[in-house]
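As C-alpha coordinates, the structure follows; a few thoughts come after it.
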Amino acid sequence: MKFGCCASVKLYDKVAEAGFDYIEVPGGELAELTEEEFEAVKEHILAGPIPCTAVNAYAKAEPKMVGDECDDEKTRAYAAHIMARASQLGVKTVGIGAPGIRKLPEGYDSKKAWEQGRRFLEITAEEAEKFGITLLFESIHKYACQFVNHMDEAYRMVEELNLPNVKLVMDYYHMKPMGDDIFDVEKYMKYVAHLHYSGLGENWSRPQINEDNYDELVKIFASVKALGYDGTISTESDNSRFDEEGAKALEIMKRAYAASAKSLE
(Lines give C-alpha, C1' and ligand atoms only; values in the text may rest on other atoms or scores of the structure.)
Protein backbone atom coordinates (compact mmCIF):
# COMPACT_ATOMS: atom_id res chain seq x y z
CA MET A 1 0.00 0.00 0.00
CA LYS A 2 1.21 3.51 -0.84
CA PHE A 3 0.31 6.26 1.64
CA GLY A 4 -0.31 9.80 0.41
CA CYS A 5 -1.45 13.16 1.70
CA CYS A 6 -3.95 15.55 0.14
CA ALA A 7 -2.33 18.93 0.69
CA SER A 8 -1.65 22.33 -0.76
CA VAL A 9 1.40 22.63 -2.97
CA LYS A 10 2.72 24.95 -0.26
CA LEU A 11 3.01 21.94 2.06
CA TYR A 12 5.01 19.82 -0.37
CA ASP A 13 8.26 19.90 1.62
CA LYS A 14 6.49 19.11 4.89
CA VAL A 15 4.56 16.23 3.36
CA ALA A 16 7.81 14.79 2.06
CA GLU A 17 9.56 15.29 5.39
CA ALA A 18 6.71 13.53 7.19
CA GLY A 19 7.46 10.41 5.14
CA PHE A 20 4.46 10.16 2.82
CA ASP A 21 4.95 8.29 -0.46
CA TYR A 22 3.34 11.00 -2.58
CA ILE A 23 1.41 14.25 -2.42
CA GLU A 24 -2.10 14.75 -3.83
CA VAL A 25 -2.71 18.41 -4.66
CA PRO A 26 -6.04 20.27 -5.01
CA GLY A 27 -7.17 20.98 -8.55
CA GLY A 28 -8.84 24.22 -7.50
CA GLU A 29 -5.50 25.54 -6.29
CA LEU A 30 -3.63 24.24 -9.32
CA ALA A 31 -6.05 26.02 -11.65
CA GLU A 32 -5.57 29.41 -10.01
CA LEU A 33 -1.77 29.53 -10.18
CA THR A 34 -0.29 32.04 -12.62
CA GLU A 35 1.98 30.60 -15.30
CA GLU A 36 4.99 31.84 -13.36
CA GLU A 37 3.73 30.31 -10.11
CA PHE A 38 2.93 27.02 -11.81
CA GLU A 39 6.39 26.77 -13.37
CA ALA A 40 7.96 27.32 -9.94
CA VAL A 41 5.72 24.67 -8.37
CA LYS A 42 6.45 22.22 -11.18
CA GLU A 43 10.18 22.70 -10.91
CA HIS A 44 10.08 22.24 -7.15
CA ILE A 45 7.97 19.07 -7.23
CA LEU A 46 9.83 17.40 -10.10
CA ALA A 47 13.12 18.00 -8.29
CA GLY A 48 11.73 16.84 -4.95
CA PRO A 49 11.93 13.51 -3.10
CA ILE A 50 8.29 12.41 -3.59
CA PRO A 51 6.03 12.52 -6.65
CA CYS A 52 2.71 14.25 -7.18
CA THR A 53 0.69 11.34 -8.52
CA ALA A 54 -2.84 12.59 -7.95
CA VAL A 55 -5.15 15.59 -7.87
CA ASN A 56 -8.12 15.91 -5.50
CA ALA A 57 -10.63 18.74 -4.95
CA TYR A 58 -11.03 19.11 -8.72
CA ALA A 59 -12.64 22.57 -8.67
CA LYS A 60 -13.94 25.15 -6.22
CA ALA A 61 -17.17 26.74 -7.50
CA GLU A 62 -16.75 26.58 -11.28
CA PRO A 63 -17.38 25.00 -13.73
CA LYS A 64 -20.74 23.66 -12.58
CA MET A 65 -21.24 19.92 -12.89
CA VAL A 66 -25.01 20.17 -12.48
CA GLY A 67 -27.67 22.86 -12.37
CA ASP A 68 -28.86 25.55 -14.74
CA GLU A 69 -25.42 27.19 -14.92
CA CYS A 70 -23.51 24.18 -16.22
CA ASP A 71 -21.94 24.81 -19.60
CA ASP A 72 -20.14 22.33 -21.87
CA GLU A 73 -17.62 24.89 -23.14
CA LYS A 74 -16.64 25.96 -19.64
CA THR A 75 -16.42 22.31 -18.58
CA ARG A 76 -14.05 21.50 -21.44
CA ALA A 77 -11.91 24.61 -21.04
CA TYR A 78 -11.38 23.98 -17.35
CA ALA A 79 -10.65 20.29 -17.91
CA ALA A 80 -8.10 21.08 -20.61
CA HIS A 81 -6.37 23.56 -18.30
CA ILE A 82 -6.25 21.20 -15.31
CA MET A 83 -5.20 18.12 -17.25
CA ALA A 84 -2.40 19.93 -19.05
CA ARG A 85 -0.98 21.16 -15.75
CA ALA A 86 -1.54 17.89 -13.94
CA SER A 87 0.26 15.91 -16.63
CA GLN A 88 3.31 18.16 -16.32
CA LEU A 89 3.51 17.27 -12.63
CA GLY A 90 3.34 13.53 -13.35
CA VAL A 91 -0.24 13.10 -12.13
CA LYS A 92 -1.94 9.82 -13.01
CA THR A 93 -5.39 10.31 -11.44
CA VAL A 94 -7.68 13.31 -11.00
CA GLY A 95 -10.43 13.05 -8.40
CA ILE A 96 -13.86 14.52 -9.11
CA GLY A 97 -15.35 15.26 -5.73
CA ALA A 98 -15.73 19.03 -5.63
CA PRO A 99 -18.98 19.62 -3.70
CA GLY A 100 -18.91 23.30 -4.67
CA ILE A 101 -19.77 22.45 -8.28
CA ARG A 102 -22.43 19.88 -7.31
CA LYS A 103 -24.88 22.02 -5.34
CA LEU A 104 -28.50 22.05 -6.49
CA PRO A 105 -31.60 24.01 -5.45
CA GLU A 106 -34.32 22.11 -3.64
CA GLY A 107 -36.63 20.27 -6.01
CA TYR A 108 -34.25 20.28 -8.98
CA ASP A 109 -35.10 17.61 -11.55
CA SER A 110 -32.98 14.61 -10.57
CA LYS A 111 -33.05 13.06 -14.06
CA LYS A 112 -31.86 16.31 -15.60
CA ALA A 113 -29.08 16.58 -13.01
CA TRP A 114 -28.01 13.01 -13.73
CA GLU A 115 -27.68 13.70 -17.45
CA GLN A 116 -25.79 16.93 -16.75
CA GLY A 117 -23.38 15.15 -14.43
CA ARG A 118 -22.87 12.37 -16.93
CA ARG A 119 -22.11 14.87 -19.69
CA PHE A 120 -19.69 16.73 -17.41
CA LEU A 121 -17.76 13.54 -16.75
CA GLU A 122 -17.76 12.52 -20.42
CA ILE A 123 -16.25 15.84 -21.48
CA THR A 124 -13.73 15.85 -18.65
CA ALA A 125 -12.72 12.26 -19.41
CA GLU A 126 -12.10 13.18 -23.06
CA GLU A 127 -9.64 15.87 -22.00
CA ALA A 128 -8.02 13.59 -19.41
CA GLU A 129 -7.54 10.84 -21.98
CA LYS A 130 -5.30 13.10 -24.05
CA PHE A 131 -2.75 12.97 -21.23
CA GLY A 132 -3.24 9.38 -20.10
CA ILE A 133 -5.02 10.53 -16.93
CA THR A 134 -7.77 8.58 -15.17
CA LEU A 135 -10.74 10.34 -13.57
CA LEU A 136 -11.86 9.14 -10.15
CA PHE A 137 -15.48 9.96 -9.37
CA GLU A 138 -16.76 9.85 -5.79
CA SER A 139 -19.90 10.21 -3.73
CA ILE A 140 -20.18 13.31 -1.51
CA HIS A 141 -22.35 13.35 1.61
CA LYS A 142 -25.63 15.26 1.54
CA TYR A 143 -24.43 17.92 4.00
CA ALA A 144 -21.94 19.16 1.39
CA CYS A 145 -23.90 18.91 -1.88
CA GLN A 146 -27.04 17.48 -3.44
CA PHE A 147 -25.70 15.33 -6.29
CA VAL A 148 -24.53 11.71 -5.97
CA ASN A 149 -24.52 11.33 -2.19
CA HIS A 150 -24.30 7.53 -1.94
CA MET A 151 -21.55 5.22 -3.11
CA ASP A 152 -24.15 3.20 -5.00
CA GLU A 153 -24.92 6.27 -7.11
CA ALA A 154 -21.27 6.92 -7.90
CA TYR A 155 -20.90 3.27 -8.86
CA ARG A 156 -23.95 3.48 -11.14
CA MET A 157 -22.57 6.58 -12.86
CA VAL A 158 -19.22 4.92 -13.59
CA GLU A 159 -21.00 1.76 -14.74
CA GLU A 160 -23.21 3.73 -17.13
CA LEU A 161 -20.33 5.75 -18.55
CA ASN A 162 -18.31 2.59 -19.17
CA LEU A 163 -15.18 4.56 -20.02
CA PRO A 164 -11.73 3.04 -19.48
CA ASN A 165 -10.39 6.16 -17.79
CA VAL A 166 -13.28 6.77 -15.37
CA LYS A 167 -13.04 4.89 -12.07
CA LEU A 168 -13.95 5.45 -8.42
CA VAL A 169 -12.26 6.89 -5.39
CA MET A 170 -13.81 5.47 -2.23
CA ASP A 171 -13.90 8.19 0.43
CA TYR A 172 -14.84 6.81 3.82
CA TYR A 173 -15.44 10.28 5.25
CA HIS A 174 -18.32 10.78 2.80
CA MET A 175 -19.72 7.28 3.13
CA LYS A 176 -20.20 7.31 6.90
CA PRO A 177 -22.70 10.22 7.22
CA MET A 178 -24.83 8.58 4.52
CA GLY A 179 -25.03 5.27 6.35
CA ASP A 180 -23.11 3.45 3.61
CA ASP A 181 -21.41 0.31 4.88
CA ILE A 182 -17.69 1.09 4.85
CA PHE A 183 -16.63 -2.52 5.31
CA ASP A 184 -18.96 -4.32 2.87
CA VAL A 185 -17.48 -2.86 -0.31
CA GLU A 186 -16.97 -5.84 -2.60
CA LYS A 187 -19.44 -4.49 -5.17
CA TYR A 188 -17.49 -1.26 -5.64
CA MET A 189 -14.02 -2.74 -5.97
CA LYS A 190 -14.63 -3.45 -9.66
CA TYR A 191 -13.96 0.25 -10.23
CA VAL A 192 -12.15 1.51 -7.12
CA ALA A 193 -8.67 2.83 -7.97
CA HIS A 194 -7.92 4.94 -4.89
CA LEU A 195 -9.00 5.48 -1.26
CA HIS A 196 -9.47 8.60 0.87
CA TYR A 197 -9.75 8.71 4.64
CA SER A 198 -9.93 11.31 7.40
CA GLY A 199 -11.47 11.81 10.79
CA LEU A 200 -15.11 12.86 11.04
CA GLY A 201 -15.65 15.75 13.44
CA GLU A 202 -18.33 18.20 14.49
CA ASN A 203 -20.12 20.09 11.72
CA TRP A 204 -18.73 17.58 9.23
CA SER A 205 -15.15 18.72 9.77
CA ARG A 206 -12.24 16.52 8.69
CA PRO A 207 -9.78 16.33 11.60
CA GLN A 208 -6.43 14.71 10.96
CA ILE A 209 -6.16 10.96 11.60
CA ASN A 210 -5.49 10.13 15.25
CA GLU A 211 -5.54 7.13 17.58
CA ASP A 212 -9.35 7.18 17.70
CA ASN A 213 -9.31 6.11 14.04
CA TYR A 214 -6.90 3.21 14.48
CA ASP A 215 -9.34 0.32 14.99
CA GLU A 216 -11.52 1.46 12.10
CA LEU A 217 -8.49 1.72 9.82
CA VAL A 218 -7.43 -1.82 10.71
CA LYS A 219 -10.85 -3.10 9.64
CA ILE A 220 -10.82 -0.97 6.48
CA PHE A 221 -7.43 -2.25 5.41
CA ALA A 222 -8.43 -5.84 6.17
CA SER A 223 -11.65 -5.50 4.16
CA VAL A 224 -10.00 -4.13 0.99
CA LYS A 225 -6.96 -6.39 1.18
CA ALA A 226 -9.25 -9.41 1.41
CA LEU A 227 -10.71 -8.24 -1.91
CA GLY A 228 -7.29 -7.91 -3.53
CA TYR A 229 -6.79 -4.15 -3.18
CA ASP A 230 -3.31 -2.99 -2.21
CA GLY A 231 -3.06 0.31 -4.06
CA THR A 232 -3.07 3.84 -2.68
CA ILE A 233 -4.75 5.65 0.20
CA SER A 234 -4.52 9.35 1.02
CA THR A 235 -5.40 11.20 4.16
CA GLU A 236 -7.70 14.03 3.06
CA SER A 237 -7.80 15.94 6.32
CA ASP A 238 -7.54 19.36 7.92
CA ASN A 239 -3.85 20.23 7.57
CA SER A 240 -3.91 23.39 9.70
CA ARG A 241 -1.80 21.58 12.32
CA PHE A 242 0.24 19.50 9.93
CA ASP A 243 3.52 20.18 11.72
CA GLU A 244 2.15 18.54 14.86
CA GLU A 245 -0.19 15.96 13.30
CA GLY A 246 1.02 14.98 9.83
CA ALA A 247 3.75 12.46 10.62
CA LYS A 248 1.65 10.91 13.40
CA ALA A 249 -1.26 10.39 11.00
CA LEU A 250 1.04 8.49 8.65
CA GLU A 251 2.43 6.39 11.49
CA ILE A 252 -1.10 5.42 12.56
CA MET A 253 -2.07 4.43 9.00
CA LYS A 254 1.04 2.29 8.58
CA ARG A 255 0.58 0.64 11.96
CA ALA A 256 -3.08 -0.11 11.16
CA TYR A 257 -2.05 -1.55 7.80
CA ALA A 258 0.49 -3.85 9.45
CA ALA A 259 -2.11 -4.96 12.00
CA SER A 260 -4.62 -5.71 9.26
CA ALA A 261 -2.18 -8.13 7.64
CA LYS A 262 -1.94 -10.06 10.88
CA SER A 263 -5.72 -10.19 11.17
CA LEU A 264 -5.91 -11.91 7.78
CA GLU A 265 -3.35 -14.60 8.62
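The values are calculated or read from the model by the stated rules, or taken from the named source; none is laboratory data. Values in this document were obtained by computation on a predicted structure and should not be read as measured data. Backbone-built Cβ (ideal geometry, glycine too); neighbour counts: all protein chains shown. Only protein heavy atoms, including side chains, enter the accessible area calculation; ligands, DNA and RNA are left aside. Shrake-Rupley method; radii C 1.70, N 1.55, O 1.52, S 1.80 Å.
Of note:
- Residue, nearest to ALA154 (Cα to Cα), within segment 181-191, restricted to residues that are open to solvent by 30 Å² or more (accessible area, probe 1.4 Å) and touching a residue at least 40 places away in the same chain (Cβ under 8 Å): MET189
- The residue pairs whose first member lies in segment 1-28 and is among the hydroxyl-bearing types (Ser, Thr, Tyr), whose second member is at pLDDT 95 or above and outside any strand (DSSP E or B), and whose beta carbons are closer than 7 Å, counting only pairs six or more residues apart or on different chains, are SER8/GLU29; TYR12/HIS44; TYR12/ILE45; TYR12/GLY48; TYR22/ILE50; TYR22/PRO51.
- Looking only at segment 55-64, and only at residues there that are on the phi < 0 side of the Ramachandran plot and in a loop (DSSP other than H, G, I, E, B), the one that is surrounded by the fewest Cβ atoms within 10 Å (Cβ to Cβ): ALA61
- Of residues in segment 65-79 being touching a residue at least 40 places away in the same chain (Cβ under 8 Å) and open to solvent by 10 Å² or more (accessible area, probe 1.4 Å), the one nearest to GLY4 (Cα to Cα): TYR78
- Test: ASP212 is touching a residue at least 40 places away in the same chain (Cβ under 8 Å) and open to solvent by 50 Å² or more (accessible area, probe 1.4 Å): no
- Residue list for segment 86-126, filter: under 19 Å from ALA193 (Cα atoms) and among the acidic types (Asp, Glu): GLU122, GLU126
- Among the residues examined, TYR108 qualifies as over 19 Å from the mean Cα position of the chain (by Cα) and either touching a residue at least 24 places away in the same chain (Cβ under 8 Å) or surrounded by 21 or more Cβ atoms within 10 Å (Cβ to Cβ) (or both).
- From the options VAL166, VAL158, residue that is among the hydrophobic types (A, V, I, L, M, F, W, C), in contact with a Phe, Trp or Tyr (Cβ under 8 Å, 6 or more places away or on another chain) and over 17 Å from ALA113 (Cα atoms): VAL166
- Scan of segment 175-208 for residues that are of a type in the set (Lys, Arg) and closer than 23 Å to ASP243 by Cα, ordered by number: ARG206
- Any hit, segment 76-89, residues being among the polar types (S, T, N, Q) and not in a helix (DSSP H, G or I): no
- Residue count for segment 192-207, restricted to those that are crowded, with 18+ Cβ neighbours inside 10 Å and aromatic (Phe, Trp, Tyr): 1
- Candidates in segment 80-98 are the residues that are closer than 16 Å to ALA61 by Cβ and crowded, with 21+ Cβ neighbours inside 10 Å; of these, the one that is farthest from the chain's Cα centre (by Cα) is ILE82.
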